[in-house]
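Below: one structure, written as structure tokens.
The values are calculated or read from the model by the stated rules, or taken from the named source; none is laboratory data. No experiment lies behind these values; they were computed from the predicted model shown. FYI the Cβ positions are ideal-geometry reconstructions off the backbone, even for glycines, and counts take in every protein chain you see. These area figures cover heavy atoms from the full protein model, side chains too; ligands, DNA and RNA do not enter into them. Shrake-Rupley method; radii C 1.70, N 1.55, O 1.52, S 1.80 Å.
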Amino acid sequence: MEMQAMFSTTAHSLEFIPLLQRLGGGGGGGALSMKSTQLSFPTKVFLSRANFADSDVDESFSTKMVPPSLLAAEKEEAKAVLTLFMKKRGLSKAVAARTINKSELFIEHLISRLHSVHKSRYLVGRELTTLEIRDALFPYLESLLGNNGNLLVDLVESFPELPDNEKLGPPASTPVKEKITTPVSSPPDPTLDSRKLKAISRVSEIGPAGKLPPHILYLLEIGMEIDQIKVITRRFPAFAYYSLEGKIRPAVEFLLDLGVPKSNIPIILSKRPQLCGISLSENIIPTMTFLEGLGVDKTQWAKVIYRFPALLTYSNQKVKSTVAFLTEMGISEQNIGKILTRCPNIISYSVEDKLRPTAEYFRSLGVDISILLYRCPQAFGLSIEGNLKPVTEFFLNKGYSIEEIGTMVSRYGALYTFSLAENLIPKWEFFLTMDYPKSELVKFPQYFGYSLEERIKPRYAVVKESGAKLLLNQVLSLSQGDFEKALNKKIEKMRSNEASKLYERMFLDLCNCQNDMLEEMTEHLSYIFTEFAGNLI
């Protein structure tokens, strides 16, 4: 059935049979259930603001109420959300970039929907956070994907026009996964797309007063460089449109109040510029309060954020799913807090795709998962195929059993975080030259954590030269002062033992000598007595 559309030039409205009903019709002669959707547009707004989904959204909100700078920022946020959505659904980076370049009218449509859904927020002059924008647009994009499948890219690029008939994909009953895994070939774009170029140029744009934008001047004042800001903008274009007073300054002052040194602010913003786009009162502070309740040391927030600023940008659902997994693995609330303080990036690991499979692998080696998670949570971010299995095979080939490998990992969780080529292999080869049995590494796998050139070789050379014998952990784990004391004590004991053996040997020699002299004297006296007795006769 062909699409029917009727325009009302006075009411600025469009009535049409929804596209997803057309796609689901098939053409097999069956009855096609249809209903019309009334879509209205604000005056002086693009036709692309038509709402594809059946909803009760009020589109009467005027974009004139939104400052131009905020509108530009929201467009960049919407593009970022659309890009993320397409990548998560299996489209390549090149295809996503190409689609975004052709999505101006569709982005206008998304912004119109955003303004309608959150009309009350705009009426009181309140900006949306990055998470709120994502939460508003993702379900809508999901609904479009569920009904259009592999036609979604065409729909975005051709909006508000409908894709050509020959581009129509399989009926709506086809599983979504099958639809989006069909590769779409397109040559990679060697140049930055227009939106990135526009955002980057905004960074160094001179205003009417002959100055850079206020937020750029502020970023320069806190220690950032123009080139550094451009790199951030190239990666995250929305950053160039963030308002100074509404987003950037509050975020920076919040970090400073937590004790983050001013010199660390540029590094944190470079790692996670999205921090400036998230609500402090509704997202960041509640997340921090929740984590503090689990035992995260509130005095360590400056260090935690510096290590992994993305921690505060994850949704509560994401944080709670990780916490639930740690609890399931037998970690107490107090220790969960300690883990998140030391290794906050564990929140970024997918529970089902990363944490759980890794836990199962280590469990197959006989490792206590709760102990390993507490001692070395970063081990759970490693690839099973790329990191864990090769290390296991390495030790198996050296003659260690699965049980011994499990013991080594339990005693030193960081063992699997080391590179085979740059760490394990060269240190193993040097170990073979040392006078220790292989079992010594089962007792002290921390050997692989010390520098070969700065610790292992120099210390062992001193021990070997002295002639003393020390346990491997004594050679490496002690401080320089304690190492020297232990070695000197061993040398003194060795010398004392040697002296005792010498005295014992001398005493035995003396005793043997005395026995020989006594025998000679006895023989001599016997001879004299015999001679004397003969003379008397």
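Couplings 3J(HN,Hα) for the range 269-274, derived from phi with the Karplus relation 6.51 cos²θ - 1.76 cosθ + 1.60 (θ = phi - 60°), are 5, 5, 6, 8, x, 4 Hz, where x marks Gly and Pro. Length available on full extension from L471 to M494: 0.36 nm per residue minus the Cα-Cα distance, which gives 6.8 nm. What does the C-alpha gyration tensor say about the overall shape of the range 378-473? Classify as rounded when a/c is under 1.5, otherwise prolate if a/b is larger than b/c, or oblate. Because a/c hits 1.5 or more and a/b exceeds b/c, the range 378-473 counts as prolate.
Relative to the current alpha-carbon distance between Q317 and V351, full extension at 0.36 nm per residue lengthens the span by 11.0 nm. Treating each Cα of the range 323-408 as one equal point scatterer and applying the Debye formula with no solvent, the log10 of I(q)/I(0) at q = 0.23 Å⁻¹ comes out as -1.14. Given a Förster distance of 51 angstrom, what is the FRET efficiency for A94 paired with A461, based on the Cβ-Cβ distance and rounded to 0.05? After rounding to 0.05, the efficiency reads 0.40. A cut-off of 5 Å between modelled amide H atoms, ignoring neighbours fewer than 5 places along the same chain, links S243 with I248.
Dipole magnitude for the range 183-293: computed about the Cα centre from +1 point charges on Lys and Arg Cβ and -1 point charges on Asp and Glu Cβ, it is near 340 debye. Against the criterion of solvent-accessible heavy-atom surface with a 1.4 angstrom probe, I200, I456, I371 sort, most first, into I371, I200, I456.
Packing, as the average of other Cβ atoms within 10 Å across residues, places the peptides 393-400, 90-97 in the order 90-97, 393-400, highest first. In terms of distances greater than 23 angstrom between alpha carbons, the cross-link table entries K438/K469; K271/K427; K88/K389; K298/K318 yield K271/K427; K88/K389. Rolled with a 1.4 Å probe across the full set of protein chains, the surface gives E492 an accessible area near 120 Å². In percent, how large is the relative contact order of the range 233-335, given Cα pairs closer than 8 Å and 6 or more residues apart? Over the range 233-335, the number comes to 29 percent.
The amide H of M329, built 1.01 Å from its N in the peptide plane, has no neighbour under 5 Å, considering only residues 5 or more places off or on other chains.
Peptide packing: for 239-247, 222-230, the average count of neighbouring Cβ atoms within 10 Å per residue gives the ranking 239-247, 222-230, highest mean first. Placing R0 at 22 angstrom, the Cβ-Cβ distance between L84 and R234 gives a FRET efficiency of 0.85 after rounding to 0.05. Each Lys and Arg Cβ is given +1 and each Asp and Glu Cβ -1; about its Cα centre, the range 273-404 then shows a dipole of about 360 debye.
Convex hull volume per residue, computed on the Cα atoms of the range 202-276, equals 81 Å³.
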